[in-house]
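A short worksheet on the structure shown next.
Derivation of every value follows stated rules applied to the coordinates shown; laboratory data play no part. Please read all numbers here as calculations on a predicted model, not as lab measurements. Backbone-built Cβ (ideal geometry, glycine too); neighbour counts: all protein chains shown.
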Amino acid sequence: MTSFPTLHDCDPGSDDAITLLALLGRRDVQLLGVSTTHGNAPLSATTHNARALLTLAGRDEVPVYAGALGPLVREPVYAPQIHGVGGLGGVPLPEPARPVKAEHAALALVRQLCAQPGELTLLATGPLTNLALAERLRPGVLKEARQIIVMGGSLESGAPKLGNTTPRAEFNAYADPHAFDVVLKAGANLWLLGLNLTRQVQVTRARARQLATVGTAAAQTCAALLDDYLDRIGKLGQSVGALHDPCTAALMLAPELFGWEAARVAILTDSGEGLGETVRADGEPNVQLVTQADENGIYALIAQALEQLP
Ligand code: BDR
Ligand code: CA
């Protein structure tokens, strides 16, 4: 069986949580570590959530490394209107069974990427501060990853709705644009899933029911997280959401579900109304920009993974 040695950097976050549980449900994924960042909620909450999800899955042996308290330059921004103040809405989870590791997430990323050059896939589903800190500590380290798959940005230039946090910026890009810039310039094998891609994978009540019928506690939790998310965006006037972060795991595991093209992408880091906007730029490609997704295939993959968990 093909094995995917994997690191997951995240800010759970309902869709981060579904990503992590889907990874844990796959026998072919060797999850070497979960690193946490500020993002949807403060670092203490995202770290607690990651540990609780591992306990839910019966996988407390996976190490959790707490990372950046805040962005490289700007002030932190959180997303309580989408994920609740604690990051996972009101969805109950078990008390975490294991403590967080003493090692900082950025140091753990450097150590693990250098220990297995060219072997590891790094999934990044939050602001990119930990990745940028790792690159600053050890320039070139992100090139040691076999593949880095980032959920962030938005490339629907000209579309009626570009961003989800400001009119022009996606949340992870906006929450630490300077870190995003470091990662875009690192010369790594970088795959980018922006809102232009994740909005093709819709979250609806029917999709929540699809996961609930899988029946395991992990699947019921994911269904509850989707329902909580739909309740919250409903209050903002939206009836359909997007399954952002799990697309990263699906791309690693089943690239045939996606289409992509090489592109050069840059991010605006000057303060002002464009802060955090990702744009196409001239020059050599620096990312594989994922442009097409098979929505049914992605939900089937997630449902199959959740079926394997308690
Ligand atoms: C991204 O922002 C967060 O709120 C989600 O977890 C996802 O990573 C979508 O813009
Ligand atoms: Ca996230």
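Using Cα positions and a limit of under 17 Å, work out the aspartates and glutamates in reach of K185, with same-chain residues fewer than 8 apart set aside.
By straight Cα distance, K185 reaches E135, E144, D176, D270, E277, D282, E284.
For Q292 and R136 in one chain, what is 0.36 nm times their gap in residues minus the Cα-Cα distance, to one decimal in nm?
So the chain would gain 52.9 nm between Q292 and R136.
Run the dipole for segment 4-306 about the Cα centre, Lys and Arg Cβ at +1, Asp and Glu Cβ at -1, nothing else charged, and hand back the magnitude in debye, nearest 20.
Computed charge dipole of segment 4-306: roughly 320 debye.
Taking R0 as 45 Å, what FRET efficiency do you get between V85 and A263 from their Cβ-Cβ distance, rounded to the nearest 0.05?
The formula returns an efficiency of 0.80 here.
Could you tell me how far the Cα centroid of segment 250-310 sits from the Cα centroid of segment 79-117, in Å?
Answer, in whole Å: 21.
Summing +1 for each Lys or Arg and -1 for each Asp or Glu, what net charge is found among the other residues whose Cβ lies under 11 Å from the Cβ of P127?
Spelling it out: positives minus negatives among the neighbours equals -3.
If you stretched the chain out fully between A300 and E119, how much longer would it get, using 0.36 nm times the residue separation minus the C-alpha to C-alpha distance?
Stretched out fully, the A300 to E119 stretch lengthens by 62.5 nm.
Between segment 154-229 and segment 16-72, what is the separation of their alpha carbon centroids in Å?
A separation of 17 Å, based on Cα centres.
Summing +1 for each Lys or Arg and -1 for each Asp or Glu, what net charge is found among the other residues whose Cβ lies under 12 Å from the Cβ of L193?
Charge balance in the 12 Å sphere: -2.
Where does each of T129, T269 land when they are ranked from fewest to most other beta-carbon atoms within 10 angstrom?
T269, T129
Among E95, E135, E261, which comes first, then next, by fewest other beta-carbon atoms within 10 Å?
The fewest-first ordering by Cβ neighbours comes to E95, E261, E135.
Only counting other Cβ atoms within 10 Å, I'd like W191, W260 sorted with the fewest neighbours first.
So the ranking, lowest neighbour count to highest, is W260, W191.
What lysines does K235 reach when the alpha-carbon gap must be under 20 Å and sequence neighbours fewer than 8 apart in one chain are set aside?
Reachable lysines: K161.
If the elastic network links every pair of Cα atoms under 10 Å, which of F171, F180, F258 fluctuates the most in the Gaussian network model of the chain?
F258
In the Gaussian network model of the chain, springs joining C-alpha atoms below 10 Å, which of A188, A218, A262 carries the largest mean-square fluctuation?
A262
For the chain, what are the DSSP H helices with axial Cα length of 24 Å or more and mean Kyte-Doolittle hydropathy of at least -1.0?
Both cut-offs are met by 217-235.
How far apart, in nm, are two points set 7 Å out from the Cα along the Cα-to-Cβ line at L236 and at A254?
Here the modelled spin labels are 2.7 nm apart.
What net charge do the residues around A97 carry, taking every other residue with its C-beta under 15 Å from that of A97, with Lys and Arg at +1 and Asp and Glu at -1?
Once positives and negatives cancel, what remains is +1.
Percent antiparallel among DSSP beta bridges with both residues in segment 4-306, to the nearest 5?
Here the share of antiparallel DSSP bridges comes out near 30 percent.
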